[in-house]
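One structure is given here, and the rest of the page talks about it.
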Amino acid sequence: MSNEKKRLVSGMRTTGSLHLGHLEGTLRNWTRLQESYDCFFFCAVWHAFTDRLKIDNLPGVIEEMIIDWMSVGIDPEKSVIFRQSSMPQHAELSTILSMFTPLGWLERCPTFKDEVRDEESGERVSLGKLQYPVLMTADVAVYKAQAVPVGRDQLPHLELSREILRRFNHQYGEIFPEPAEILSEVPMLLGIDNRKMSKSYNNAIELRETSESLKNKIQQMITDPARVRRTDKGNPDVCTVYGYHKIYSPDRCAEISEGCRSAGIGCRDCKGILYERLNGMLEPFRAKRVQLESRPGLVSEILAVGETRARVEAEKTMDEVRRVMGFLS
Ligand code: TRP
Ligand code: SF4
């Protein structure tokens, strides 16, 4: 372990199979950051239950998630990999920090307000949902994280975390560093139906697509709705496919845009180019996954090592917290 490296903590909710949104929004960053930070990456299992009360085959979901992480380059030799649900210290610290969190802060949190607005009535919003940012704060503080990579949507949570920890430190001294965000600037990847990419909309391109299923999904992608016939001129700026080209075929965008506007290129060819690009990108991930899946027990071993290491760090922090608060005699 190198002591010079800053400590970085981040989590991903166990909501099902990973898609390109996870890859571009989170995993590329994690892979890069693990070279320069002391990284702790975890499956945010409890957080996943804020949206659903039951997750089918959760152990399988977790195993697939970790294999997906590794298939794109997360390396258990470099990073500590573990499950939030194996760390009671997160829950202990969350309980403590909840006392330092005025209700108004949580109710004003934009992610929470959106949620309440979407629900018929506030009655269906759980306490767990309300205190989501408190648990997140505990997730990072229990390892004294200095840096937290998050997407822009999570920024309000991290701002709350800093307030909560500041309030704790004000009473008990500088126990927790204020975690700084590492923002991932990612172009928003839309789903194949041009809505936000989400498992629940069934519009995601998954990391586990076969070349066959990938081809199918790309065929279903919404193009410029005004371009009905091959001879109609199109507008790439309103086309989902073109949004993908901007990320995956930047070198061909000028040509595609011009071809679309002049009806020089058809949507079928345009989708064909995207298919080649995406399939080429997914291919090495598939190969790595096959290799990882051929080693039974691998994920259990990785979790055993990661959780042992995480436990040592979490207990160190909690001992300090228990001591300064007077829980130990
Ligand atoms: N809320 C994060 C998300 O949905 C996941 C998460 C849970 C997290 N705990 C965290 C991210 C701690 C960073 C740090 O993306
Ligand atoms: Fe979209 Fe390409 Fe068809 Fe233009 S040619 S509408 S960019 S799929």
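The values are calculated or read from the model by the stated rules, or taken from the named source; none is laboratory data. In this text, all values refer to a predicted model and were calculated from it rather than measured experimentally. Note: ideal-geometry Cβ built from the backbone for every residue, glycine included; neighbour counts use all protein chains shown.
Just for the stretch 211-234: of the residues that are hydrophobic (A, V, I, L, M, F, W, C) and not in a loop (DSSP other than H, G, I, E, B), which one is farthest from ligand 1 (Cβ to nearest atom)? Applying the filter and picking the extreme gives I218.
The set of residues in the stretch 1-43 that are out of contact with any Cys (no Cβ under 9 Å at 6 or more places or on another chain), under 19 Å from A314 (Cβ atoms) and surrounded by 20 or more Cβ atoms within 10 Å (Cβ to Cβ) comprises Y37, D38, C39, F40, F41, F42, C43. Among the residues in the stretch 257-267, are any on the phi > 0 side of the Ramachandran plot and either away from ligand 1 (no atom under 16 Å from the Cβ) or assigned by TED's automatic domain parsing to the domain that holds E63 (or both)? Among the residues of the stretch 257-267, at least one is on the phi > 0 side of the Ramachandran plot and either away from ligand 1 (no atom under 16 Å from the Cβ) or assigned by TED's automatic domain parsing to the domain that holds E63 (or both), which makes the answer yes. Criterion applied to L155, L165, L160 was being closer than 22 Å to D319 by Cβ, within 14 Å of ligand 1 (Cβ to nearest atom) and surrounded by 14 or more Cβ atoms within 10 Å (Cβ to Cβ), and the one residue passing it is L165. Among residues of the stretch 98-136 being assigned to a helix (DSSP H, G or I) and aromatic (F, W, Y), the one that is farthest from ligand 1 (Cβ to nearest atom) is W105. Taking the criterion of being surrounded by 13 or more Cβ atoms within 10 Å (Cβ to Cβ), under 30 Å from V142 (Cα atoms) and over 16 Å from the mean Cα position of the chain (by Cα), the residues of the stretch 173-199 that qualify are I175, F176, P177, E178, P179, A180. Considered as a group, the residues in the stretch 200-210 that are away from ligand 1 (no atom under 16 Å from the Cβ) and surrounded by fewer than 16 Cβ atoms within 10 Å (Cβ to Cβ) include one that is modelled with the highest pLDDT, and that residue is T210. I'm trying to understand the selection: among the residues of the stretch 21-76, which are polar (S, T, N, Q) and closer than 28 Å to R195 by Cα? T26, N29, T31, T50, N57, S71, listed by residue number.
Of the set (1) within 30 Å of V312 (Cα to Cα); (2) part of a helix (DSSP H, G or I); (3) not small (G, A, S), all apply to E178 but (2).
Taken over the stretch 271-298, the criterion of being touching a helix residue (DSSP H, G or I) at 6+ places or on another chain (Cβ under 8 Å) and either outside the structural domain of Y242 (by TED's automatic domain parsing) or more than 16 Å from L214 (Cα to Cα) (or both) is satisfied by K288, R289, L292, E293, L298. Let me confirm something: among T95, T31, which residue is touching a residue at least 40 places away in the same chain (Cβ under 8 Å), of a type in the set (S, T, N, Q) and in a helix (DSSP H, G or I)? Step by step, each of T95, T31 is checked, and only T31 is touching a residue at least 40 places away in the same chain (Cβ under 8 Å), of a type in the set (S, T, N, Q) and in a helix (DSSP H, G or I). Within 29 Å of S79 (Cα to Cα) and either assigned by TED's automatic domain parsing to the domain that holds P177 or small (G, A, S) (or both): does that describe E115? Judged against the criteria, E115 is not a match.
Of the numbered criteria (1) surrounded by fewer than 20 Cβ atoms within 10 Å (Cβ to Cβ); (2) under 25 Å from Q89 (Cα atoms); (3) out of contact with any strand residue (DSSP E or B) (no Cβ under 8 Å at 6 or more places or on another chain), the one W46 fails is (1).
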